[in-house]
Amino acid sequence: MAVRDVLDKINRRTLLIGGGVGAGLIVALAIWPRSYAPNLTAAKGETLFGAWLKIGEDGHVTVAVSQAEHGQGVYTTLPQIVADELGADWRTVAVEAAPLNPLYANKLGAAELFEGVFDRLPAPLRDAHVTRSGLMLTAASSSVRAFEDDLRQAGAAARVVLCKAAAKRWGVDWQACGTAAGFVVHGKDRLRFGELAAEAARHSPPSPVPLRGADPARLYGQSLPRLDTPSKVNGAANFAGDVRLPGMVFVSIRQAPIGNTQLTQVDRAAAARIRGMVGVVTTDKWVAAAADNWWAANKALDALAPTFRLRGALIGTDSIAQALSAALDGPGERMAAIGDLAAAFKGARLVTAEYRVGVAAHAAIETMSAAARLEDGRLELWLPTQAPGLARAAAASAIGLSESDVTVYPMLIGGSFGANLEHRAAEQAALIARELGRPVSLVWSRAEDIMHDRFRPPAMARMAARLGPNGQILGWLAKIAAPSTGRELAARLMAHDRTTGAALAIDGVGDGYAVAGATPFYRMPAYAIDHHPVDIGVPTGHWRGGAHSYTAFFTECFLDELAHVAGTEPLSFRIGMLGGDARLARCLSTAASLGGWEGGVQNSGQGIACHSFRGSRIAVLAEAHIGEGQAISVDRIVAAVDCGRQVNPDIVKQQIEGGLIFGMAAASGASTGFTENIADARGFRALGLPRLSDTPDITVEMIRSEADPGGASELGVPAIAPAIANALQASTGFRMRTLPLVPGEV
């Protein structure tokens, strides 16, 4: 699109948002075109091929991956796309973290993660700003969706110039050459990539670059071995807590309770008596103890016996529940609507229900951590991060450095589920390194990690619908009270970004992120979705699946209730309203067939639910009952998935299975209450997470599809909780409308 066309799409109001004309001009400049050069570095004997790959003299192929690897498999699937187009030998493919560069900005991830903010900006301006600011993000199941085309082009371009170099040696047309298993081939002639790399880099690919055609030897679509598995199995993989630097000290931290609280007192003398103690660093919000070993740092932290003062209101489980109820009774903002809902509801008897969802913790295996070294005015950071540029900006600001003086080394992440979008550990490690004048390794304790999480927000929904004489839905209203997590995320993570500040200043209180997934994908003449923002006093953040994790619960449970009122079998009720969504209909029918669906009749213990999510479709059939001690027992899960083309089917299946277990944990636990501004949970046991013995039989059927790749890593989460709730209704005869599901609560 030409610059003039982009400018024409921006109206005067858009340009004048966020503090007047000055801020508006800053926003407008975000769309001005720029070109960026790759800054990927090559080791001795390696040749660079653009921003995404390099080839060594020995034939190894290294792919730069701009996305964080936290178990979802991007260190395999993204290189696999490049290797497929290149014609590489998978045994020679390696991966490294890409450097910070606007070329790796994730426009799709930013649009979906900051949906409550960036959806208020014109798309051209938003996308250009994300690129200009180099916003590298791993979020919203966007990795393959965002970068498949770039990676295909990179692999194809390298293949073409390798063929040109070989063709020049052989005196043949380069278009008559091909690549296979790390060789350029022409008839019986073969040359290794490594022999040609330096020469090939001097050639230019045509525009457009020709992509590979159908070939049974293609790597795309094969379940190739994961590149990150061997090092994780043998212990060679490095995480932030494994970093060791000369003179490094080990740091434990204790932070103030949530809300308006402040550190008031520590016992430095008692801490100084701990053998190995090095120093203490304090701010208004936390105290950190540093020592020459972990044990001493933790003992010193206990000896410090920090005292915190509360200046604001008390925050507890009851205050959160009251805030949600009050918000739902107050004004909201209409986020989506179709048809005339008022006419559909006028004079009609409505079916209504209320649902609640509690606060949920991320509970990743690796707690928040960072290693930092500050020397000669330059800061180095080793940390697990899903947003390295944002972490760099935050750390630089914390100690008064320019961003150009901060280097971030993204590490492997031991799980995340969205937690490592946050950068508090980076800020803390930078401050502590500056104060102590030594490299530091900061690792939060499990209790700190849970108590100071950026939690999945709680939510409350008031659902209403009108059924027609044949059981069809004539009108649907979802009023959802939830924190404005999308706006909160943007304000917290991008505090120094003026374009984001301008977007936050646009009129309106609703947050698209907070009600994402609530718009019905079923066919009905009239519906409306209202968001009722609420301040609960607890910081919230992105959690695997985002708001879909609770909006799908509201929608699919209420749909089951409507089916019962209409006297219709729940599966037929759903399929009858899907309209033209053949992919979702096939998922539903496949899950029902594989699971031996009995119609959801009483005492069957079967429930079904489905969801359309980030370009993918899923249907889940669950079997569940109430066991001994009123414990929820999930006996079986059957899922049918259509997520478009699959780069690596085994990895996709792993992610679906992992998402199902994650969502099952949220159905029965993963939540915490609050008492006097402190989370009640301190460890995994208190979260009531399922154990291996609680894991049901799981069947995942991947439906072949030629649709564009959809999201996979979060896909298993949204539909499993409502499927379990629907199964328990069929098993027990009563409906549980609170998540986590608690027997006896309706």
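The values are calculated or read from the model by the stated rules, or taken from the named source; none is laboratory data. Keep in mind that what you see is a predicted model, and the values were worked out from it rather than measured. No Cβ is skipped: glycine too gets one built from the backbone with ideal geometry, and neighbour counts run over all protein chains shown. Heavy atoms of the whole protein, side chains included, go into the accessibility calculation; ligands, DNA and RNA do not. Shrake-Rupley method; radii C 1.70, N 1.55, O 1.52, S 1.80 Å.
Within segment 550-572, the set of residues being hydrophobic (A, V, I, L, M, F, W, C) and either within 15 Å of Arg466 (Cβ to Cβ) or not in a helix (DSSP H, G or I) (or both) comprises Phe558, Leu559, Leu562, Ala563, Val565, Ala566. From the list Ala336, Ala321, which one is part of a helix (DSSP H, G or I) and either among the polar types (S, T, N, Q) or closer than 30 Å to His532 by Cα (or both)? Being part of a helix (DSSP H, G or I) and either among the polar types (S, T, N, Q) or closer than 30 Å to His532 by Cα (or both) holds for just one of Ala336, Ala321, which is Ala321. Quick check on my filter: what residues within segment 466-494 are among the hydrophobic types (A, V, I, L, M, F, W, C) and part of a helix (DSSP H, G or I)? Hits for segment 466-494 are Leu489, Ala490, Ala491, Leu493. Of the residues making up segment 290-317, those that are over 32 Å from the mean Cα position of the chain (by Cα) and closer than 22 Å to Arg446 by Cβ number 15.
So if I check each of Leu328, Leu324, Leu350, Leu301, which one is in contact (Cβ under 8 Å) with a residue 40 or more places away in the chain, open to solvent by 60 Å² or more (accessible area, probe 1.4 Å), touching a Lys or Arg at 6+ places or on another chain (Cβ under 9 Å) and of a type in the set (A, V, I, L, M, F, W, C)? Only one candidate qualifies: Leu350. Within segment 206-219, can one find any residue that is at pLDDT 95 or above and touching a strand residue (DSSP E or B) at 6+ places or on another chain (Cβ under 6 Å)? No, the conditions are met nowhere in segment 206-219.
Within segment 444-465, the only residue that satisfies the criterion of being among the aromatic types (Phe, Trp, Tyr) and not in a strand (DSSP E or B) is Trp444.
The residues of segment 572-600 that are under 28 Å from the mean Cα position of the chain (by Cα) and touching a residue at least 40 places away in the same chain (Cβ under 8 Å), listed by number, are Leu578, Asp581, Arg583, Leu584, Arg586, Cys587, Leu588, Thr590, Ala591. A single member of Gly567, Gly501 is open to solvent by 10 Å² or more (accessible area, probe 1.4 Å) and under 30 Å from Gln602 (Cβ atoms), and it is Gly567.
Looking for something within 30 Å of Ala68 (Cβ to Cβ), hydrophobic (A, V, I, L, M, F, W, C) and open to solvent by 70 Å² or more (accessible area, probe 1.4 Å) - is there at least one such residue anywhere in segment 310-318?
Within segment 310-318, not a single residue is within 30 Å of Ala68 (Cβ to Cβ), hydrophobic (A, V, I, L, M, F, W, C) and open to solvent by 70 Å² or more (accessible area, probe 1.4 Å).
Candidates Gly607, Gly600, Gly546: the one that is at pLDDT below 95 and either on the phi > 0 side of the Ramachandran plot or buried (at least 23 other Cβ atoms within 10 Å of the Cβ) (or both) is Gly600. The residues on offer are Ala110, Ala51, and the sole one that is out of contact with any strand residue (DSSP E or B) (no Cβ under 8 Å at 6 or more places or on another chain) and either more than 26 Å from Leu493 (Cα to Cα) or open to solvent by less than 10 Å² (accessible area, probe 1.4 Å) (or both) is Ala110. Here Leu741 clears all of (1) touching a His at 6+ places or on another chain (Cβ under 9 Å); (2) more than 30 Å from Thr77 (Cα to Cα) except the condition numbered (1).
Consider Val82 carefully, then state whether it is within 24 Å of Asp650 (Cα to Cα), open to solvent by 30 Å² or more (accessible area, probe 1.4 Å) and either of a type in the set (Phe, Trp, Tyr) or in contact with a helix residue (DSSP H, G or I) (Cβ under 6 Å, 6 or more places away or on another chain) (or both). So Val82 fails the test. Could you figure out which of (1) closer than 25 Å to Ala256 by Cβ; (2) not in a helix (DSSP H, G or I) isn't true of Ala393? Tallying (1) closer than 25 Å to Ala256 by Cβ; (2) not in a helix (DSSP H, G or I), Ala393 fails exactly one: (2). Of all residues in segment 33-56, none that is farther than 20 Å from Val161 by Cα has its Cβ atom under 6 Å from the Cβ atom of a residue that is at pLDDT below 95 and not in a loop (DSSP other than H, G, I, E, B), 6 or more apart or on another chain.
Filter segment 373-387 down to the residues that are within 19 Å of Val65 (Cβ to Cβ) and open to solvent by less than 10 Å² (accessible area, probe 1.4 Å), then identify the one that is nearest to the chain's Cα centre (by Cα).
Within segment 373-387, the match that is nearest to the chain's Cα centre (by Cα) is Gln386.
If you filter segment 675-694 down to residues that are closer than 13 Å to Ile258 by Cβ and in contact with a Leu (Cβ under 8 Å, 6 or more places away or on another chain), you find that the one that is surrounded by the fewest Cβ atoms within 10 Å (Cβ to Cβ) is Glu676. The residues in segment 407-455 that are of a type in the set (Ser, Thr, Tyr), under 30 Å from Val357 (Cβ atoms) and open to solvent by less than 10 Å² (accessible area, probe 1.4 Å) can be counted, and the count is 1. As a summary of the residue check, Tyr409 satisfies the conditions (1) aromatic (Phe, Trp, Tyr); (2) under 30 Å from Pro520 (Cβ atoms); (3) touching a strand residue (DSSP E or B) at 6+ places or on another chain (Cβ under 6 Å) except for the one numbered (2).
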